[in-house]
1. Considering Arg16, Arg42, which residue is more than 20 Å from Ile92 (Cα to Cα) and either modelled with pLDDT of 90 or more or in contact with a Pro (Cβ under 9 Å, 6 or more places away or on another chain) (or both)?
2. When you look at Leu11, is it out of contact with any Phe, Trp or Tyr (no Cβ under 6 Å at 6 or more places or on another chain), farther than 16 Å from Phe65 by Cα and among the hydrophobic types (A, V, I, L, M, F, W, C), yes or no?
3. Can you pull out the residues in region 1-10 that are surrounded by 15 or more Cβ atoms within 10 Å (Cβ to Cβ) and under 17 Å from Met89 (Cα atoms)?
4. Could you give me the residue pairs with C-beta distances under 6 Å whose first residue belongs to region 28-40 and is closer than 13 Å to Gly6 by Cα and charged (D, E, K, R), whose second residue is at pLDDT below 95 and in a loop (DSSP other than H, G, I, E, B) wherever it lies, and which are 6+ apart or on separate chains?
Amino acid sequence: MNMNLGSTIKLVRKKRGYTQSQLADRADISVSHLCLLEKGKRDPSLSTIEAISNALSIPVSVLVFLAAENEQIMELTENQIEELTRNIMGIIDGASRQKSLF
């Protein structure tokens with residue numbers, strides 16, 4: 001399964017206003033490991049995805065949805081996927097001031 005998980009983590013991290021060091025500390029992983037994840041040079045374990053999701057205050061399912069390629073979401077049209085993605089990112093932007101999504 002091809003996903004853009006690393007770039008999605010980076011995008012959400014930046015929207016949250018965290019540096020790599022801050023997110024790595026919150027997720028209890030090394031900065032170098034986070035850097036490799038964001039660059040797509042390492043695949044995260046499920047426990048790492050959960051730790052990063054918790055550190056970003058975003059559900060794992062939302063992080064995975066944002067990282068999914070359009071063709072992986074068969075039930076929705078491309079326009080629906082784009083609209084849903086925009087809406088989720090808007091929620092993240094708004095929640096960034098509070099640092100919690102749910």
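1. Values: Arg16 fails: more than 20 Å from Ile92 (Cα to Cα).
Only one candidate passes the filter, namely Arg42.
2. No.
3. Narrowing region 1-10 to residues surrounded by 15 or more Cβ atoms within 10 Å (Cβ to Cβ): 3, 5-10.
Result: Leu5, Gly6, Ser7, Thr8, Ile9, Lys10.
4. Final answer for the pair search is none.
The values are calculated or read from the model by the stated rules, or taken from the named source; none is laboratory data. Source: prediction; values computed, not measured. Cβ atoms come from the backbone with ideal geometry, glycine included; neighbour counts cover every protein chain shown.
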